[in-house]
Amino acid sequence: MTTVYLDHAATTPLRHEAREAWIAASALVGNASSIHGAGQSARRLLEESRERVAAVVDCDPIEVVFTSGGTEAINLAVKGLWWARGAGRNEIVLPDGEHHATLDVVEWLASQGAGVRPVALDPLGRIPIASFRAAVEGAAAATALVANNETGTVNDAPGLARASSEAGVPLHLDAVSAFGHLPMSFRSWRADAAPATGLVALSVSAHKVGGPVGVGALVAARTAALVPVVHGGGQQRRLRAGTQDVAGAAAFAVAAELAEVEREREAARLAALRDELVSGVLSTVPGAELLGDPHDRLPGNAHVLFPGAAGETLLFLLDQRGIAASTGSACQAGVPEPSHVVLALGRSATDAREVLRFTLGRTSTHSDVDALLAALPPVVERARAAR
């Protein structure tokens, strides 16, 4: 049984307040698209929830398109932007090291005729603005992470948005990992962008901030040219058809607001706890190396290389001791392949199989870190002996 949970980047525990909001909203009868009284009551709660999420992300409420999660939001953004591309533009700018929710979408679009322009990461896992600016010129669309979900390295989101705006190219930012941990302003990141160019779409997910699994949103600028992925109704500016999840939206709104209220205080606490974890690991495990930017990273993220120890073996041995971590994105769990993010840092395929990601959240404590530091040295030693 897991007693120490260090995989908050995969999903973080549901907040009590979000659970209560979901239960209360789920008791309502009525489809938010119906015109009778029950339907309009549901509609009011839905739109109030949209307004609350919009306030956290700093956008207009009409720009919030609720989805089934971050993956659907990314699909709508990337596919929708490419399908709506202008004449003569065919290529998507795709930095190395993106989440598989984006990589797999672009791979599928490439099978449909899209061209792909890669952008190499620097050794710390950051997207270089100069390289991005060169790649985005004349492209059909661009996508990028606000913060890397494995290394935790934070990108220059305003700089990426500015480069896309100057090139007249629509940009989607994947903010799923960054949401609730970094200051976020869709409005200011758009800045002086021309209509339908620059930052026009931003994806977020509820379960990363203590909301329910299966709820997310795409912030789509009023001027964004997007072709919908799901058809069948006129909901949400015709960008996402289907009966809207009022209870999920209500719970998402509560979780997002609480995460924002706590953000600065919690970021400082988690950064200190993370530094304690990293210092302890590097001082007790010979050869261990922190990957990603040592300072400009998500506050609860520690992505560590353990030379000579297979990541999958480390996970198994830690799990036996009641400690949950990950080798990277949970979306690739169970797939024995090297981390594409570590490869994008210029590291070897061997290195890419010898990493663990420890991510802290609002329930993390000093005792969690102490438990990991006590268990890790013998676990690494045993994993190295098994090679």
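Rg ratio for the stretch 78-201: its Cα radius of gyration over 2.2 N^0.38 Å, N being its residue count, equals 0.96.
Taking every protein chain into account, the 1.4 Å probe leaves Trp83 with about 90 Å² of accessible area, to the nearest ten.
Placing unit charges on C-beta atoms (Lys and Arg positive, Asp and Glu negative, everything else neutral), compute the dipole magnitude of the chain about its Cα centre in debye, rounded to 20. Write out the running numbers ahead of the final one.
On the way: 33 positive and 41 negative charges, 142 e Å.
Here the chain has a charge dipole of around 680 debye.
Amide H to amide H distances under 5 Å link Gly115 with Glu91, Ile92, where only residues 5 or more positions off or on other chains count and H is placed in the peptide plane. All C-alpha to C-alpha distances of the stretch 113-180, sorted into 5 Å bins beginning at zero, yield P(r) values of 3, 19, 29, 25, 16, 7, 1, 0 percent in whole numbers.
Size of the stretch 150-247: Rg and Dmax of its alpha carbons, in Å, are 14.5, 40.
Dipole magnitude of the stretch 232-335 about its Cα centre, charges +1 at Lys/Arg Cβ and -1 at Asp/Glu Cβ only, in debye to the nearest 20? Provide the component values of the computation, followed by the final result.
Numbers: 9 positive and 13 negative charges, 82 e Å.
So the magnitude is around 400 debye.
When Thr11, Thr350 are compared by accessible surface with a 1.4 Å probe, the order from highest to lowest is Thr350, Thr11. Applying D = kT/(6 pi eta Rh) to the stretch 1-46, where Rh is the Kirkwood radius over alpha-carbon pairs, T corresponds to 37 °C and eta to 0.692 mPa s, the Stokes-Einstein value obtained is 253 µm²/s.
Please work out the average accessible area per residue across the chain, using the 1.4 Å probe convention, and give it in Å². List each step's numbers first, then the result.
Details: 15270 Å² over 387 residues.
Here the per-residue accessible area is 39 Å².
When every Cα-Cα distance of the stretch 197-339 is counted in 5 angstrom steps from zero, the calculated P(r) takes the values 2, 7, 11, 14, 16, 15, 12, 10, 7, 4, 1, 0 percent.
The residue among Pro338, Val227, Leu94 whose Cα reaches farthest toward the positive pole of the charge dipole of the chain, with charges on the beta-carbon of Lys, Arg, Asp and Glu, is Val227.
Normalised by the residues of the chain, what does the relative contact order come to in percent, with Cα pairs under 8 Å and at least six apart? Don't skip to the answer; put the middle values down first.
Details: 828 pairs, mean separation 88.6, N = 387.
Once normalised by length, the contact order is 23 percent.
The charge dipole of the stretch 100-233, taken about its Cα centre with unit charges on the Cβ atoms of Lys, Arg (+1), Asp and Glu (-1) only, comes to about 320 debye.
Let me cross-check Phe179: its accessible surface, 1.4 Å probe, with only protein heavy atoms counted, in Å² to the nearest 10? The accessible area of Phe179 comes to roughly 10 Å². Considering the stretch 285-374, its Cα convex hull presents a mean projected area of 6.3 nm².
Working note: Cα atoms of the stretch 1-83, range along each principal axis, descending, whole Å: 48, 39, 22.
Take the Kirkwood radius over Cα pairs of the chain, plug it into Stokes-Einstein at 20 °C and 1.002 mPa s, and you get 100 µm²/s for translational diffusion.
Over the chain, what is the percentage of antiparallel beta bridges among all DSSP beta bridges, to the nearest 5?
On the way: 20 of 39 bridges.
Percent antiparallel among DSSP bridges in the chain is about 50.
When all alpha-carbon pairs of the stretch 16-146 are counted, what percent fall beyond 26 Å? Percent of Cα pairs beyond 26 Å in the stretch 16-146: 42. Comparing Val64, Val78, Ile35 along the charge dipole axis of the stretch 1-156, the residue lying farthest to the positive side is Ile35, per the Cβ-charge model.
The values are calculated or read from the model by the stated rules, or taken from the named source; none is laboratory data. Keep in mind it's a predicted model, so treat the numbers as computed, not measured. A quick note on method: Cβ atoms are made from the backbone with ideal geometry, for glycine too, and the neighbour counts reach across all protein chains shown. What goes into the accessible areas is simple: the full protein's heavy atoms, side chains included, and nothing from ligands, DNA or RNA. Shrake-Rupley method; radii C 1.70, N 1.55, O 1.52, S 1.80 Å.
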